[in-house]
Amino acid sequence: MADNCIFCKIIAGEIPSTTIYEDEDFQVILDINPASKGHALILPKGHYANIYQLPEDLAAKAMKLAKKLAEHMTDKLQCDGFNLVQNNGEVAGQTVFHFHLHLIPRYLDGANKDLLTWNNLQYKDGEVKQLEELLKC
Ligand code: AMP
Ligand code: ZN
């Protein structure tokens with residue numbers, strides 16, 4: 001448990017939360033300020049600040065759990081679509097520095113219609129080739 005981490009405190013039971021799922025590795029809670037009805041967060045029980053610190057086996061388990069919950073929540077909420085969102089670093093919108101995966105049900109008639117929309121940029125000549133060379137792994 002990390003000092004002053006709100007999600008560690010939730011996992012330790014020191015701060016109340018609405019838990020919709022729990023197993024030995026994860027707790028899934030409703031987001032307190034939801035982007036949509038049913039917005040939930042998958043939290044690993046151990047403290048890992050972000051995707052870089054999260055062990056690979058937990059990353060795999062988190063995605064497996066996200067699939068299971070996306071199906072379950074879509075069935076129960078009758079939502080029309082679903083976003084998985086995971087922020088790393090302040091510049092990327094992370095505000096709580098304990099890894100979490102957002103489960104965001106989307107509704108045709110729901111709020112935050114333009115959640116996750118961005119301006120599409122254009123690459124300059126040669127930039128795509130440079131990136132291909134840089135990033136190929
Ligand atoms: P992020 O911006 O990706 O770090 O997301 C942090 C999320 O945690 C936000 O959507 C907050 O609304 C949510 N959050 C913060 N405190 C709590 C809390 N006590 N219980 C539930 N969700 C919380
Ligand atoms: Zn923590």
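So for region 42-49 (the condition being at pLDDT 95 or above, outside any helix (DSSP H, G or I) and within 11 Å of ligand 1 (Cβ to nearest atom)), does at least one residue qualify? Among the residues of region 42-49, at least one is at pLDDT 95 or above, outside any helix (DSSP H, G or I) and within 11 Å of ligand 1 (Cβ to nearest atom), which makes the answer yes. Residues that are without any contact (Cβ under 8 Å) to a residue 24 or more places away in the chain and closer than 22 Å to Met73 by Cα were ranked within region 1-19; the one that is farthest from ligand 2 (Cβ to nearest atom) is Thr18. Listed conditions (1) open to solvent by 60 Å² or more (accessible area, probe 1.4 Å); (2) in contact (Cβ under 8 Å) with a residue 24 or more places away in the chain; (3) in a loop (DSSP other than H, G, I, E, B) are all met by Lys61, apart from (3). In region 94-111, the residues that are within 14 Å of Gly38 (Cα to Cα) and touching a residue at least 40 places away in the same chain (Cβ under 8 Å) reach residues that are charged (D, E, K, R) and surrounded by fewer than 19 Cβ atoms within 10 Å (Cβ to Cβ) with C-beta atoms within less than 8 angstrom, at least six apart or across chains, in these pairs: His102/Asp31; Pro105/Lys37; Arg106/Asp80; Tyr107/Lys37; Tyr107/Asp80; Gly110/Lys37.
If the requirement is being touching a helix residue (DSSP H, G or I) at 6+ places or on another chain (Cβ under 7 Å) and surrounded by 12 or more Cβ atoms within 10 Å (Cβ to Cβ), which of these qualifies: Val96, Val85? Give the steps one after another, and end with the answer.
On the way: Val85 fails: touching a helix residue (DSSP H, G or I) at 6+ places or on another chain (Cβ under 7 Å).
Going through Val96, Val85 in turn, the sole match is Val96.
Residues in region 3-41 that are of a type in the set (D, E, K, R), over 15 Å from Val96 (Cα atoms) and not in a loop (DSSP other than H, G, I, E, B): Glu22 alone.
Residue-by-condition table, conditions (1) within 16 Å of ligand 1 (Cβ to nearest atom); (2) open to solvent by 90 Å² or more (accessible area, probe 1.4 Å); (3) at pLDDT below 95; (4) among the hydrophobic types (A, V, I, L, M, F, W, C):
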| site | (1), (2), (3), (4) |
| --- | --- |
| Ile6 | yes, no, no, yes |
| Lys9 | yes, no, no, no |
| Ile29 | yes, no, no, yes |
| Asn33 | yes, yes, no, no |
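Here His39 meets the list (1) open to solvent by 60 Å² or more (accessible area, probe 1.4 Å); (2) at pLDDT 95 or above almost entirely, failing just condition (1). Does Glu22 fit the bill of being surrounded by fewer than 12 Cβ atoms within 10 Å (Cβ to Cβ) and either at pLDDT below 95 or over 14 Å from the mean Cα position of the chain (by Cα) (or both)? So Glu22 fails the test.
Could you tell me which residue of region 101-132 is farthest from Lys64 (Cα to Cα), considering only residues that are open to solvent by less than 100 Å² (accessible area, probe 1.4 Å) and part of a loop (DSSP other than H, G, I, E, B)? Even if it seems obvious, please write down each step before you answer.
As a first pass, look at region 101-132 and keep what is open to solvent by less than 100 Å² (accessible area, probe 1.4 Å): 101-107, 110-112, 115-117, 126-128, 131-132.
If we keep only those that are part of a loop (DSSP other than H, G, I, E, B) too, we end up with 107, 110-112, 115-117, 126.
On the way: Tyr107: 23, Gly110: 27, Ala111: 27, Asn112: 26, Leu115: 24, Leu116: 23, Thr117: 26, Gly126: 38 Å.
Residue satisfying both the conditions and the ranking: Gly126.
The values are calculated or read from the model by the stated rules, or taken from the named source; none is laboratory data. It should be emphasised that the depicted structure is a prediction, and the values quoted were computed from it without experimental measurement. No Cβ is skipped: glycine too gets one built from the backbone with ideal geometry, and neighbour counts run over all protein chains shown. Heavy atoms of the whole protein, side chains included, go into the accessibility calculation; ligands, DNA and RNA do not. Shrake-Rupley method; radii C 1.70, N 1.55, O 1.52, S 1.80 Å.
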